[in-house]
Amino acid sequence: MSTILLIEDDQSIADMISIYLSEENYKVRFAPDGKQGKQLFETVHPDVIILDVMLPDMNGIELCREFRTLSSVPIMMISAKSEVSERVKALVIGADDYLCKPFSMRELAARTGALLRRSTMNKASSEPVRAEARTIRVDTEKRCVYGRNGIVETTYSEFEMMKHFWLHPGKVFSREELLNKIRGIDSFVTERSVDVHITNLRKKIEEDPKDPKHIKTVWGVGYKFEP
C-alpha cells in the first residue's frame, strides 16, 4: 500500500482527500501545516506528497523546494491560485504536478496514480546492473543528470547529448549525428563543438576524465555511452 503525505490546512478539504484516497487503497498521513509536514516527511517516507501552496506557517512553494533537495519523491501541488505564473513557478522549483482548486477527487486520484507509476518506472531504470549500482542516471522528464554525488549541472546542449546517449546505451554515434541533436539551440555549432561538450561531460560525470568509463571514444567514428 502506497503512503500519501497530505499537507493541507483546510480541514474539510483534507478530510475529503483522505477519505477518498483511503477508499482507493492509499494510506494517507495528514499534516495541517508545513512544520508538521516536515516532521512526517522524515518519519513516514511517503511515496507521494500532496502539498497545498498556501499554508499558515510557510509558503508551500518553498517547502516543495526544500523537499526536492532531500528527495525525488513525486510532489503534487494543490492551490486556489490558477495563474499560469504560479503553476510554472511550482513546476520549475521541482513539483511534478499542479492541480487547481476546486478539483474532482477522481482526477486527484488519477493524477496520484500517474505520479506513482512514473516514480516506479524511474526507480526500475536505476536498479543495479550486473550487481553494480549505476553511477550515472538520466531523468529525461525532469531534465536531470545524476552522478555519484547527486545532480550534475549541465547546459542545454550537454543534457541533449547525454539524453541521447542514455536512450541508446552502447550505440556508436558519429560527431555529425550528435551535432544534429544539439543544433536546434545553436545553428552555428560545429563538429568541434561536439568534442568540447564531450570533454565537459567527462569532467562532470567521470571519476577520471582522462580514462573515461562511460563516455568512450570510438576512434575514427565518434563516441558511445556505457552505463
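Only residues in segment 65-81 that are on the phi < 0 side of the Ramachandran plot count as the first member; pair them with residues that are among the acidic types (Asp, Glu), Cβ under 6 angstrom, at least 6 apart or cross-chain, and list the lot.
Within 6 Å, the pairs are PRO74/ASP96; ILE75/ASP96; MET76/ASP97; ILE78/ASP52.
What are the residue pairs meeting all of these: first residue in segment 84-103, first residue of a type in the set (Phe, Trp, Tyr), second residue not in a helix (DSSP H, G or I), Cβ atoms under 9 Å, and 6 or more apart or on different chains?
TYR98/VAL53; TYR98/MET76; TYR98/MET77; TYR98/ILE78; TYR98/SER79; PHE103/ILE78
What's the number of the condition LYS27 fails, among (1) crowded, with 16+ Cβ neighbours inside 10 Å; (2) touching a Ser or Thr at 6+ places or on another chain (Cβ under 9 Å); (3) basic (Lys, Arg)?
(1)
Scan segment 38-52 and tell me whether some residue there is surrounded by fewer than 18 Cβ atoms within 10 Å (Cβ to Cβ) and either touching a Lys or Arg at 6+ places or on another chain (Cβ under 9 Å) or β-branched (Val, Ile, Thr) (or both).
Within segment 38-52, one or more residues are surrounded by fewer than 18 Cβ atoms within 10 Å (Cβ to Cβ) and either touching a Lys or Arg at 6+ places or on another chain (Cβ under 9 Å) or β-branched (Val, Ile, Thr) (or both).
Taking MET77 and the conditions (1) modelled with pLDDT of 90 or more; (2) surrounded by fewer than 19 Cβ atoms within 10 Å (Cβ to Cβ), which numbered condition does it fall short on, given that it satisfies the others?
(2)
Among the residues of segment 55-67, which ones are closer than 18 Å to LEU99 by Cβ and surrounded by 15 or more Cβ atoms within 10 Å (Cβ to Cβ)? Full working, then the answer.
Step one: filter segment 55-67 for residues closer than 18 Å to LEU99 by Cβ, giving 55, 59-61, 63-64, 67.
Within segment 55-67, LEU55, GLY60, ILE61, LEU63, CYS64, PHE67 meet the criteria.
Of all helices (runs of 4 or more DSSP H) completely enclosed by segment 22-110, which ones contain at least 3 residues that are more than 25 Å from ASP139 (Cα to Cα)? If you could, list the steps in order and put the result at the bottom.
Values: elements: 34-44, 60-70, 84-93.
Hits in segment 22-110: 34-44.
The values are calculated or read from the model by the stated rules, or taken from the named source; none is laboratory data. Everything quoted here is computed from the prediction, not taken from an experiment. No Cβ is skipped: glycine too gets one built from the backbone with ideal geometry, and neighbour counts run over all protein chains shown.
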